[in-house]
Amino acid sequence: MTQKVKVAITVNGTLYEREVEPRLLLSDFIRHDLGLKGTHVGCEHGLCGSCTVLIDGLSSRSCTLFAVMVDGSDIKTVESLGTMEKMHPIQEAFQEKHALQCGFCTPGFLMTTVEFLEGNPNPTAEEAREAIDGNFCRCTGYENIVEAVQLAAKKMAAD
Amino acid sequence: MTESTISKSYKRNEDPRLLTGNGNYIDDIEIPGMLHVAIKRSDYAHAKINKIDTEEAKKMPGVVAVYTAEDLGDYWRPGPLQVPPPTVIKGSIFHARPLECIAKNKIRFSGEPVAVVVAESRYIAEDALDYIYLDIEPLEYVGDLEKSLDPGAPLIHEDLESNLSADVRQEVGSWEKAVAEADLVVKKRIVTKHVAGGAIENRGIVIQWDDSFKVLNVWATTQGPVPMRNSIAKYLGLMENQVRVMNPDIGGGFGPKIMSSQIDDVVIPWIAMKLKKPIKWVEDRRENFLGTTSERDQVHYAEIALKKDGTILGVKDEFYHNTGAYNPYGMTVPLNTQTHVISNYNIPNYFTRIIMVFTNQMVVTPVRGAGRSHGIFVMERLLDAAAKELGMDPIEIRRKNILPPESMPFRTGVIGQDFVESVLDSGDYPGALEKTLEAIEYEKFKKEIQPKLRAEGKHKGIGVIMFTEGTAVGPYEGAKVMVGVTGKVNVVCAYSNQGQGHYTTFAQVAANQLGVDIKDIEVVIGDTGQWQWGVGAFASRGMTLVGTAIHNAAVKVREKALNLASKILETPKEELELADGVVRIADLPEKFISLGELAMRANPTRGTVEEGMEPGLEAASYYGPPHGATGYGCLGLILDVDPETAKVKIERLVIADDCGTNINPMIVDGQIHGGLQMGIGEAFYENLVYDDYGQLVTASFMDYLFPQATDMPAKFEIKHIVTPSPLNPLGIKGIGEAGAICVPACFMQALEDAFEGMDLDITDSFMSPGKLYHYVQKAKGA
Ligand code: FES
Ligand code: FES
């Protein structure tokens, strides 16, 4: 058996100290070791963006990193946003604009949007479209996602 | 009566769950002690299997078992066919060769499963795949649709005389007569290309055999839970109620998830019963590209016969259809092509022939659009070619031949995928055309804008095409509506939801009869433990068929509630109303009884009941239409092309569409958006490519170009027309495929227009940027 390695990774504010195989993908660590199922895996080769999480504030694809590579980092997943009863403004905007259908790609879009709006709190439609260009969605045609990103910006400014 | 809940854009009930990471998709299911499966797939496209050596793999720590076809013993058998042969069409030939699930003596496509590893973790299972050795003899690969029938071509199924899979001919009127009367006959060889379903979630299955209760729990990403339940039961010799197939949340379907009788639902349940352990298999993206089904490969030899004035006299279309290595899904796709070639125009004479061939490629089953886009592509390209020959404007030739509203319902005389004659039920086709022309300002673009741009050397083109979308086909669907003792309502069906919004739209239909808040309606979809019958999510039929069944059931429940309340409130039921979760006297609203209380009383526990009484505030209903409802529309595109880089910007996209009553207009628009995205992908980005040895060279998102946000126009401009379908009480038609089927035909027309005078003459449904560059260079004579 491969030797396990100790890691200490903070996810959504909780510090997890675990022993993991060096080859364990960060996406599998988050989903299967920690049971945070909101982060999805669509391709496992870094293209679709469903597995996007924030690592020390930067959006990253958790399927192309090993858990051991983020030892000591601070990670945020979709579970760090709102709850079903009280959603985050970005989540509310996605619902209001019908920016999700099957919802599989959605957590990736949400995390990309969190980072994007921090840097650009009042984006134009073109900027919002550019920002989500790296995330794949098969259901929505993206138009409603673009609108949701802009609506989220408005909601967050008003908060 | 309270306010209607139909035709309103309610926010979706399911969204808070999906948005907060509380969805439950297949890979989210964990069962203690669960084992994991990885599938060994063939790297060869065509080969004879001598031996598969699994000894080393079996010895690896953490590996529980490895199975090949040999290890399955008597359990191994091909099939069944998921869709029956088209025997209703006279003279049709169909050689049924259902999927083998796991190859036994022969490999017929690259990616075909040859062994299954079960291990303690997915990582270990995948490691073990490298220690399975195949002793095989490679055979010559067959990939070319037309050459596959050459005498001497290697046989994919040796027990057949050739690689012919099916031959189906249909004729309405007489093509010969049309040619005899014609002033002009235009012929084209037209090709439609191979694309993937491309759901972001791959397929998967989780199986749990409960050995004490003898129940098999199955969670699967299938679009057809009931057929899958039945096929698993038959394979394993169980009764239907011993197999419970459940849909978790599904991350998109788009067709390929309808296909069952594959390794996941045939072999994995057998292993789970044998090992008495829960098992999970989730496909990875490479497997999805290689082994999951896909669609669109056809080669058409099409002809159109016309009068000088552009009147169509007839169409002839003989086409090759690639079914891949097997034909488990029957003729659904090419039959859809046959019906959609002629469904917008008056075509008195039509001859059509499907030549379906086996190739050493992945199996072909429907992908959103399912044969429709090919038919539309063929007809619209023929019309463009004819218009050019006749010196007519492409719009004029369409106006001349389009079916008028008075012709509805229009019987086409052609048998469709549902094995009944395709009938266009309703609509104003010319209205859709004119609406689009007006919105996209066709005249102005042609007369004012384009000449100026051309003078400046710019290449901007416009395209406008018509389409129909055969939807909502039978045979049937069903559902049950039940008011619970809390007053909340339950709607249950065994349909399948992959993002279409049924948790909301089905609730809207039930709420409309029962006067409850749609948030108080819980919809259960895809659970054969709660509802036993149905067919599946395909052909844009959910809202129409299940929606109508729910409507009919809710009407019965409403009646039941009124009858019971009338007795309790001692008031004639005509004076009662359902609103706010109660039945009350309309003129005396303080006199009421809650639906929850009625539900409690609907199950009497003492005394006697009247004959024929049915307990519970519940009712079930089934609905099956005589034939499908047909949506239709018109698409307009303005494309701005840079001839040097072949970059295409979609400057405008206008679509007029009629899908009858929109239960939830927001969701309808969402369906159109998603479809258009796939259509744009099909026209300009997506293509599954096999090399000369049958290797799929586009088996990742690095090679298969997935349409992204900046590839879309800034706005999808949607114009609605609402002609309620006369076939069902709510007037619904389907909408799932409209956007996906109309883009390539329009895109190519607009490209040709952008380079007018250069005669691009595009006959292929896929034009990549690279190909466009070469076309333009060639046309320029460079
Ligand atoms: S799953 Fe990580 S990018 Fe697709
Ligand atoms: S909502 Fe289904 S993939 Fe985006």
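A few notes on this one:
- Share of carbon and sulfur in the accessible area of the protein assembly as shown stands at 51%, probe radius 1.4 Å.
- Counting DSSP beta bridges with both ends in the protein assembly as shown, the antiparallel % (nearest 5): 80
- Debye-sum result for chain B in log10 I(q)/I(0), which assumes one identical scatterer on each alpha carbon, at q = 0.07, 0.09 Å⁻¹: -0.54, -0.87
- For B:Val523, residues with placed amide H under 5 Å, excluding near neighbours: B:Val491
- Pairs beyond 31 Å (Cα-Cα), from B:Lys452/B:Lys733; A:Lys76/B:Lys193; B:Lys519/B:Lys567: B:Lys452/B:Lys733; A:Lys76/B:Lys193
- Between amide H atoms placed 1.01 Å from N, distances below 5 Å from B:Val243 occur with B:Leu216, all of them 5 or more places distant or on a separate chain.
- Cα-only radius of gyration and Dmax that characterise the range B:198-291, units Å: 12.7, 39
- Along each principal axis, Cα extent of the range A:1-117, largest first, Å: 49, 27, 22
- For the protein assembly as shown, the per residue solvent-accessible surface stands at 36 Å², with DNA, RNA and ligands left out and a 1.4 Å probe.
- Chain lengthening between B:Tyr476 and B:Lys147 when straightened (0.36 nm per residue, less Cα-Cα): 114.5 nm
- Entries in B:Lys647/B:Lys778; B:Lys59/B:Lys106; A:Lys4/B:Lys58; A:Lys97/A:Lys154; B:Lys649/B:Lys715; B:Lys447/B:Lys771 that, when Cα-Cα distance is taken, lie over 22 Å: B:Lys59/B:Lys106; A:Lys4/B:Lys58; B:Lys447/B:Lys771
- Share of pairwise Cα separations in the range B:644-714, more than 17 Å, in percent: 58
- Under the span-like rule (Cα at least 18 Å along the axis, Kyte-Doolittle mean at least -1.0), DSSP H helices of chain B: B:372-390, B:547-569, B:665-684, B:738-754
- Each Cα pair of the protein assembly as shown feeds into the Kirkwood radius, which the Stokes-Einstein equation turns, at 37 °C and 0.692 mPa s, into a diffusion coefficient of 113 µm²/s.
- Cross-link reach list, lysines versus B:Lys104, counting only Cα pairs under 16 Å and skipping chain neighbours closer than eight places: B:Lys40, B:Lys48, B:Lys51
- Cα Rg, Dmax (largest Cα-Cα span) when computed across the range B:84-191, Å: 21.9, 72
- Set of aspartates and glutamates near A:Lys86 by C-alpha distance (under 19 Å), chain-local residues within fewer than 8 positions excluded: A:Glu96, A:Asp159, B:Glu14, B:Asp15, B:Asp520
- Furthest towards positive pole of dipole, B:Gly204, B:Gly224, B:Ile263, structure part the range B:198-291, Cβ charges: B:Ile263
- Vicinal HN-Hα couplings computed from phi for the range A:126-140 (Karplus, 6.51 cos²θ - 1.76 cosθ + 1.60; Hz; Gly/Pro x): 5, 5, 5, 5, 4, 5, 9, 4, x, 10, 8, 9, 9, 8, 9
- Relative to its residue count, the range B:675-782 spans a Cα convex hull of 181 Å³ per residue.
- Whichever lysines have a C-alpha closer than 16 Å to that of B:Lys307, once near sequence neighbours (fewer than 8 apart) are set aside: B:Lys177, B:Lys187, B:Lys316, B:Lys388, B:Lys400
- The charge dipole of chain B, taken about the Cα centre with unit charges on the Cβ atoms of Lys, Arg (+1) and Asp, Glu (-1), comes to about 460 debye, rounded to the nearest 20.
- Interface size A-B, as summed buried accessible area [1.4 Å probe, Å², nearest 100]: 4500
- Part-to-part distance (alpha-carbon centres) for the range B:103-165 and the range B:350-372, which is given in Å: 20
- The charge dipole of the range B:703-782, taken about the Cα centre with unit charges on the Cβ atoms of Lys, Arg (+1) and Asp, Glu (-1), comes to about 220 debye, rounded to the nearest 20.
The values are calculated or read from the model by the stated rules, or taken from the named source; none is laboratory data. Predicted model only: the values in this text are computed from it and were never measured. Please note: Cβ atoms are built from the backbone with ideal geometry, for glycine as well, and neighbour counts cover all protein chains shown. What goes into the accessible areas is simple: the full protein's heavy atoms, side chains included, and nothing from ligands, DNA or RNA. Shrake-Rupley method; radii C 1.70, N 1.55, O 1.52, S 1.80 Å.
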